[in-house]
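Enquirer: One structure coming up, written as structure tokens, with questions to follow.
The values are calculated or read from the model by the stated rules, or taken from the named source; none is laboratory data. For clarity, every value in this text was computed on a predicted model and none was experimentally measured. Note that each Cβ is placed from the backbone with ideal geometry, even for glycine, and that neighbours are counted across all protein chains shown.
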Amino acid sequence: MSSKPNSKRTIYVGGLAEEVDEKVLHAAFIPFGDLVDVQIPLDYETEKHRGFAFIEFENAEDAAAAIDNMNDSELFGRTIRVNVAAPQRIKEGSTRPVWSEDSWLQKHAGETLGVAKDNEENNETKDKTVAISDRLA
């Protein structure tokens with residue numbers, strides 16, 4: 001098992017027509033396996049969906065079968081794109097940015113923080129060198 005159990009079970013479906021809703025997606029993807037969740041994010045200004053959805057399957061094999069069979073297929077007159085959702089699904093109602101979590105900062109900003117610390121140390125050394133040079137002059 002991988003460290004992220006649902007990383008390969010959740011798929012992205014893009015290019016959806018306006019008429020598509022959760023029921024339509026459920027009916028279109030249920031032949032590939034049991035579905036855990038179907039989410040279609042809404043545009044809050046227009047109150048319509050944004051043209052994509054996330055579907056979570058019980059098994060990663062079922063998600064892979066759905067990708068193989070449904071990518072570049074037609075749904076309601078539009079060609080849809082289907083692939084593994086990456087890197088993680090956004091939870092509905094979440095208002096916190098991903099960088100608010102320490103784990104994200106450690107993973108993605110660690111190198112930047114280290115470079116900034118090195119620069120601070122170099123600047124302190126330069127300041128001390130300049131101060132000594134000024135005294136000697």
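Enquirer: Could you list, in sequence order, all residues of the stretch 40-68 that are in a helix (DSSP H, G or I) and within 15 Å of residue 83 (Cβ to Cβ)? Spell out the reasoning first.
Expert: So in the stretch 40-68, the residues in a helix (DSSP H, G or I) come out as 60-68.
Result: 60, 62, 63, 64, 65, 66, 67, 68.
Enquirer: Take the residues in the stretch 17-37 that are aliphatic (A, V, I, L, M) and closer than 16 Å to residue 81 by Cα, then tell me which one is surrounded by the fewest Cβ atoms within 10 Å (Cβ to Cβ). I'd like the intermediate steps shown before the answer.
Expert: Of the residues in the stretch 17-37, the ones aliphatic (A, V, I, L, M) are 17, 20, 24-25, 27-28, 30, 35-36.
From the residues that got through so far, the ones that are closer than 16 Å to residue 81 by Cα too are 17, 20, 24-25, 28.
Working: 17: 14, 20: 20, 24: 17, 25: 21, 28: 20.
Going through the qualifying residues, I end up with 17.
Enquirer: Still on this model: Can you find a residue in the stretch 75-91 that is modelled with pLDDT under 75 and of a type in the set (D, E, K, R)?
Expert: Looking through the stretch 75-91, at least one residue is modelled with pLDDT under 75 and of a type in the set (D, E, K, R).
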